[in-house]
Structure formats: C-alpha cells, structure tokens
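These notes concern the structure reproduced below.
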Amino acid sequence: MVGVEAAFILAAGRGERLRPLTDFHPKPLIKIKTKPILEYVLDNLRPLGLKRVVLNAWHFADQIEAFADEARSKFPFEILVSTESELLGTGGGLKKALPLVGKAPFLMMNGDCIWKGDLQLWMKKIPSNIEASWVLIEPQAEQTLIGFDGGELCQIGELWKSREPSHRGCFSGIQLISRIFDESLPAKGCIIRDYWIPRLQKSAKLGVEMDLLSAWEDLGTPERLRVFEGS
C-alpha cells in the first residue's frame, strides 16, 4: 500500500478508568516517565513519511490544542486538531476529522497506547483489494476476540462471523484504512467497529497482521500505568 500521507489519532475520550488523573488532563497527555503518552505515539510515526497527523479533541480540548502547538516544531509532519463540541465517538470523530485527514489511505490509531513495531513493513505489503487492515495482538482479558484466516478477518467476537477462524487475537487500536465511505459514518455516538460490520456483511474484505508489534501497552488504568512506569 503506497500513498499513505496521514494518520488520525483518537485523543478525545474522557478516560473514566484513569480517574482522578483524567479529572485534570486528557488521558493521552498523562506523562509516562518523561513525556506524555501521545508523544510516544507521534514518535512511532516519524519514519513513515507522513505529511499530516490529525488529533481529535474533546475532554480538555484546550490542552490537546496546546500540546499540538508545542509539538509542531518537534515532528516532520503537520499536526492538526479536530475539536469536538460534544463527544462524537470514534466513528463520529473520524467523520468530523475527514476533511483534515484527507482521502484514504490513512492510518488510524488510539492515542493512549504505547507500542513498538515496523509499520512501514506492514504498510508495504497490504494488498490493494481490501478496505482496511487491522494490527492484532495476542488475546487480552476483557477484549473482543478477532478471528482471522489466511490473513483475512472473518470474525468480530459474537457480532459477526463469515467462517470459522484458524487464529484469534485482539485489536491493537491500529488500522490502515484503504477506502472509507464517509456517508455511512454516523455523525456521532458510534464506535468505528459499527461502521465496519455492515461493510463486512456486504462482503468487504479486511486484512489482519498478527505478529507486527514487539511491544504493546494499553495504559487505560492506574494499575497498568504503575506497572509500565516501573518497567
């Protein structure tokens, strides 16, 4: 897959599981060791040759905007902010941000996970006949299992299944979207998975990559933060 110029990073959520820390800051700006989680995410995008990165913002949006202002001089891509007047969810947030993100293909990822992996290698081998490719991790407790077979997604938990999978994992929060039908994205109140399930029911193909990430940390709870900071 060539021609990927942009990434959309989800940074708008309230971060309920991390309260009281998120009573004062948005979750992606909580500091781990010496810098905010979001800066680790942006560091991973440096080698990809992107032209722009779009952050969505709602909870303490002014802090996300201030972070973007300061970060622009540190990174080789433009950093834009799509500010939401109400929380739109991942699907609604993407719909609002699309004019800034631009046409597909583009990357989409969570702003509260720290990971290591060669996205360039993965992006180069994504076939052109799929609508998106998801990066998976090993199964995690309390996360929806994603089934796949032959590099193609074939099951999303109990919500959708086209055939019996040969392997299962969980969604890392990282995906490359090759094609998007923005008229099918609701304006708010939707997780991005709710966009993909109707597409899959219409025989859209989604690819998966299981062994890309050498490390992945969801820093969504105080316990996980403490474990990671002590590592």
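The values are calculated or read from the model by the stated rules, or taken from the named source; none is laboratory data. Computed from a predicted structure; not experimentally measured. In this analysis, Cβ positions are derived from the backbone assuming ideal geometry, glycine residues included, and neighbour counts consider all displayed protein chains.
Count of region 134-152 residues, restricted to those that are in contact (Cβ under 8 Å) with a residue 24 or more places away in the chain, of a type outside the set (S, T, Y) and either on the phi < 0 side of the Ramachandran plot or crowded, with 21+ Cβ neighbours inside 10 Å (or both), is 12. Kindly indicate whether any position in region 143-153 is farther than 30 Å from K35 by Cα, touching a His at 6+ places or on another chain (Cβ under 9 Å) and not acidic (D, E). Yes, region 143-153 contains a residue that is farther than 30 Å from K35 by Cα, touching a His at 6+ places or on another chain (Cβ under 9 Å) and not acidic (D, E). For the condition surrounded by 18 or more Cβ atoms within 10 Å (Cβ to Cβ), in contact with a Pro (Cβ under 7 Å, 6 or more places away or on another chain) and touching a residue at least 12 places away in the same chain (Cβ under 8 Å), A11 qualifies. Restricting attention to region 60-72, the residues that are in a loop (DSSP other than H, G, I, E, B) and modelled with pLDDT of 95 or more total 1. Taken across region 83-100, residues that are closer than 21 Å to K116 by Cβ and either outside any helix (DSSP H, G or I) or among the acidic types (D, E) (or both) do not occur at all. Only a single item in (1) exposed (fewer than 15 other Cβ atoms within 10 Å of the Cβ); (2) assigned to a helix (DSSP H, G or I) is not met by W122, and it is number (1).
Quick test for you: out of S184, S231, pick the one residue that is more than 19 Å from N129 (Cα to Cα), of a type in the set (S, T, Y) and at pLDDT below 70.
On the way: S184 fails: at pLDDT below 70.
It is S231.
Within region 128-160, the set of residues being within 17 Å of the chain's Cα centre (by Cα) and farther than 17 Å from S172 by Cβ comprises just one member, E131.
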